[in-house]
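Trainee: Quick one: this structure, given as structure tokens, is what I'll be asking you about.
The values are calculated or read from the model by the stated rules, or taken from the named source; none is laboratory data. Please read these numbers as outputs of a predicted model, since none were measured by experiment. Neighbour counts run over all protein chains shown; Cβ positions are idealised from the backbone, glycine included. For accessibility, only protein heavy atoms count, side chains too; no ligands or nucleic acids. Shrake-Rupley method; radii C 1.70, N 1.55, O 1.52, S 1.80 Å.
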Amino acid sequence: NIGDTIIVYPGPYLDETANIVKDGVNYYFYPGAFVSSSTATIIDTGDLTYPINFRGYGSFERNVDNYAFKVQAPSGVFEFDLIHHKGIGSIGSGKNTLYIDQPAGSPDGDILEVKGTIKTSNGGNAASAVLAIGFGNTKFDGVILHSGSAGKGIDISDYLSDTQINAYVYVRNGTAFYSNDHIGYSSAVLFNGTLETGDESNYHAIYIDSSNAGTVDINGEIKGAIYLNS
């Protein structure tokens, strides 16, 4: 029921076929809780009405070739130990490992906060990102890793994104921070940490191509080339 807390104890939870998130219900994962699926999206909040309260140390693994986890809520905290998205190798859009977004109409001043380590491997999901940022006020703290054959680390995918990202980002074959015509006039993106591409000959640490006039502040260590166009 709304307001209840589901406690997930240590152990493997394999091949679940249904989304585990329920609106208005809180979750706490103990260290050692591991959820894996090759048949379904494990977490798809789908525009929650209530703030999300998903905390603990759970690890999640998925190897289906589309987006792996979607967190959409007006506010709250989504906290985890590790998300690992394996993919199956085809190239296309909409295959982000973790997509975070506030529903339209969320109260001003509310923040959706996400914490943890995200890893993408195997498949060549060239048009996808490890972390995609959508609409609204969001914050991410953690580590972002892409060891696959192609892809992005962070993709600002909505022009109305107000987000703060504190992270170490490494992409073996791709751009670490990417935005293409998605920074709106009233939007501000703040990044603190490290942005690194493993293939500096072919990819950028930062790629921003925006015709709008929002603000992007990047503070920290940059390992790779920078492309800017507005």
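Trainee: Suppose all protein chains stay in the model; what accessible area per residue would a 1.4 Å probe give for the chain, in Å²? Don't jump to the answer; show the numbers that get you there.
Mentor: Working: 9740 Å² over 230 residues.
On a per-residue basis, 42 Å².
Trainee: Applying 1/(1 + (r/R0)^6) with R0 = 25 Å to the Cβ-Cβ distance of Tyr227 and Ser147, what FRET efficiency is obtained, to the nearest 0.05? Walk me through the intermediate numbers first.
Mentor: Details: r = 23 Å, r/R0 = 0.91.
For Tyr227 and Ser147, the calculated efficiency is 0.65.
Trainee: Divide the volume of the convex hull of the Cα atoms of segment 149-208 by its number of residues and quote the answer in cubic angstrom per residue.
Mentor: On the way: hull volume 4.0 nm³, N = 60.
Convex hull volume per residue, Cα atoms: 67 Å³.
Trainee: Calculate the spin-label point distance for Asn166 paired with Ile2, positioning each point 7 Å from the Cα along the beta-carbon direction, and give it in nanometres.
Mentor: With each label point 7 Å from Cα toward Cβ, the separation is 3.3 nm.
Trainee: How high is the relative contact order of the chain? Use alpha-carbon pairs under 8 Å, at least six apart in sequence, and give a whole percent. Could the numbers behind the result be given before it?
Mentor: Values: 783 pairs, mean separation 25.9, N = 230.
Dividing the mean separation by the residue count of the chain yields 11 percent.
Trainee: Over the chain, what percent of the accessible surface lies on carbon and sulfur atoms, probe 1.4 Å? Walk me through the numbers before you get to the answer.
Mentor: Details: 4670 of 9740 Å².
Using a 1.4 Å probe with all protein chains present, the chain comes out at 48 percent carbon and sulfur.
Trainee: Here are a few candidate values for Rg and Dmax of the Cα atoms in Å: (i) 18.0, 57; (ii) 16.8, 53; (iii) 29.5, 85. Which one was actually calculated from the structure I just gave you?
Mentor: Derived directly from the coordinates: (ii).
Trainee: When the expected Rg is taken as 2.2 N^0.38 Å, what fraction or multiple of it is the alpha-carbon Rg of segment 106-180?
Mentor: Values: Rg = 12.5 Å, N = 75, 2.2 N^0.38 = 11.3 Å.
Dividing the Cα Rg of segment 106-180 by 2.2 N^0.38 Å gives 1.10.
Trainee: Only four residue types carry charge here, +1 at the Cβ of Lys and Arg and -1 at the Cβ of Asp and Glu. Report the dipole size of the chain about the Cα centre in Debye, rounded to the nearest 20.
Mentor: Working: 12 positive and 25 negative charges, 96 e Å.
For this selection, approximately 460 debye.
Trainee: Further question on the same structure: Between Thr117, Thr197, Thr49, where does the largest GNM mean-square fluctuation fall for the chain, given springs only between Cα atoms within less than 10 Å?
Mentor: So, out of Thr117, Thr197, Thr49, the one fluctuating most is Thr49.
Trainee: Treat every Asp and Glu Cβ in segment 130-230 as -1 and every Lys and Arg Cβ as +1, leave all other atoms uncharged, and give the resulting dipole magnitude about the Cα centre to the nearest 20 debye.
Mentor: Using Cβ point charges on Lys, Arg, Asp and Glu, segment 130-230 gives about 140 debye.
Trainee: Right, here's the next one. Apply the Karplus curve 6.51 cos²θ - 1.76 cosθ + 1.60, θ = phi - 60°, to the phi angles in segment 46-53 and return the couplings in whole Hz, x for Gly and Pro.
Mentor: The phi angles translate into x, 6, 5, 7, 9, x, 8, 9 Hz.
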